[in-house]
Amino acid sequence: MCCIRIRTLLAALGAAILCTALAMITPAQELRAEAPPLPRGEMAPDRPEVDLLLVLAVDISRSVDDRKFRLQRDGYAGALVNPKVIAAIRSGLVGRIAISMIEWSGVAEQAIITDWTAIGTKEEAQALSQRIRGAPRAFMGRTAIGSAIEFALLQFPRSPYQAQRHLIDVSGDGTNNSGIEVVEARQRAISQRVTINGLAILSEEPLPFNPLHTHPPGGLLAYYENNVIGGPNSFALAAEGHDAFGTMILAKLIKEIALAD
């Protein structure tokens, strides 16, 4: 009996000591549980505000040869310094937008060509334009539009700027043939309140080895309208070949920026 009482007393004493220790430890743990450092992007409360966060997502798959690639690059670079684009930017409430340009091809082939850059003046636009023209080409693979959208979505939390409107501008000359389904990626974007617009680059002749890639039933513009674009005020335009790309991307940028006002 004596041994039983001793064991009972020891157990009670041990429980009391444990409770006291926990009471002493908890405040210290709370003090040490500091919030993690703020990332460069979305959680930082002091980010400068702009009218629009815009990710330019540009197709450089194998169907985009060197000539077409240069037409695309020059199209974006030229549009950004166009006085009409600068005027559209300046007409916003803040008078500035932020742009990140990515190029994409296959499932794991996406590259940031120019990271987040705020523009609101001709000089800032010219500097960004020069960087776009000078960046090397990274890929020449398949066409993973859904993977490109997912990669574009990852750029918004990284932005050192904040805006009420987030937009992905997808341009390409074919249907999705690799990676996740486009409609699945589109739904993720919509759920994050990100709008996707599209620029379908039409080809005169179907690809010999895969004609439905560039000429799907109903046409490539209809494919973009039904599968790629989504979100508030989303729209798709068509460029009649890469030679018309510069003209259409100019019109598209003006419309996108104006909708941010």
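The values are calculated or read from the model by the stated rules, or taken from the named source; none is laboratory data. As the structure is a prediction and not an experimental result, all values here were calculated from the model. Here Cβ is always computed from backbone atoms with ideal geometry, including for glycine, and neighbour counts include all displayed protein chains.
Remarks
- Residues satisfying the stated conditions in region 133-191, i.e. crowded, with 17+ Cβ neighbours inside 10 Å and of a type in the set (S, T, N, Q): Thr143, Ser147, Gln155, Ser159, Gln162, Ser171, Thr175, Asn176, Ser178
- Test: residue in region 193-214 that is of a type in the set (Ser, Thr, Tyr), under 30 Å from Asp46 (Cβ atoms), free of Cβ contacts under 8 Å to residues at least 24 places away in the same chain and assigned by TED's automatic domain parsing to the domain that holds Leu93: no
- Number of the exception - Glu256 against (1) under 26 Å from Val85 (Cα atoms); (2) in contact with a Gly (Cβ under 9 Å, 6 or more places away or on another chain); (3) at pLDDT 90 or above: (2)
- Here Gln110 passes the criteria (1) surrounded by fewer than 19 Cβ atoms within 10 Å (Cβ to Cβ); (2) over 17 Å from Leu167 (Cα atoms) except the one numbered (1).
- Selection status of Leu154, assigned by TED's automatic domain parsing to the domain that holds Arg73 and over 16 Å from Val55 (Cβ atoms): no
- Single residue of region 91-107 satisfying the filter (surrounded by fewer than 17 Cβ atoms within 10 Å (Cβ to Cβ) and out of contact with any Gly (no Cβ under 6 Å at 6 or more places or on another chain)) that is farthest from Ile60 (Cα to Cα): Leu93
- Filtered by the rule that a residue be under 19 Å from the mean Cα position of the chain (by Cα), part of a loop (DSSP other than H, G, I, E, B) and among the aliphatic types (A, V, I, L, M), region 116-165 gives Ala135, Ala138, Ala144, Ala163.
Results for (1) modelled with pLDDT of 50 or more; (2) among the hydroxyl-bearing types (Ser, Thr, Tyr); (3) in contact with a Cys (Cβ under 7 Å, 6 or more places away or on another chain); (4) within 20 Å of Leu167 (Cα to Cα), shown as yes or no for each residue.
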site: Pro39; (1), (2), (3), (4): no, no, no, no
site: Pro45; (1), (2), (3), (4): yes, no, no, no
site: Asp51; (1), (2), (3), (4): yes, no, no, yes
site: Pro83; (1), (2), (3), (4): yes, no, no, no
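- 2 or more residues within 23 Å of Leu153 (Cα to Cα): qualifying helices (runs of 4 or more DSSP H) within region 174-261: 182-191, 220-223, 245-259
- Taken over region 62-84, the residue count meeting the criterion of being surrounded by 24 or more Cβ atoms within 10 Å (Cβ to Cβ) and in a loop (DSSP other than H, G, I, E, B) is 1.
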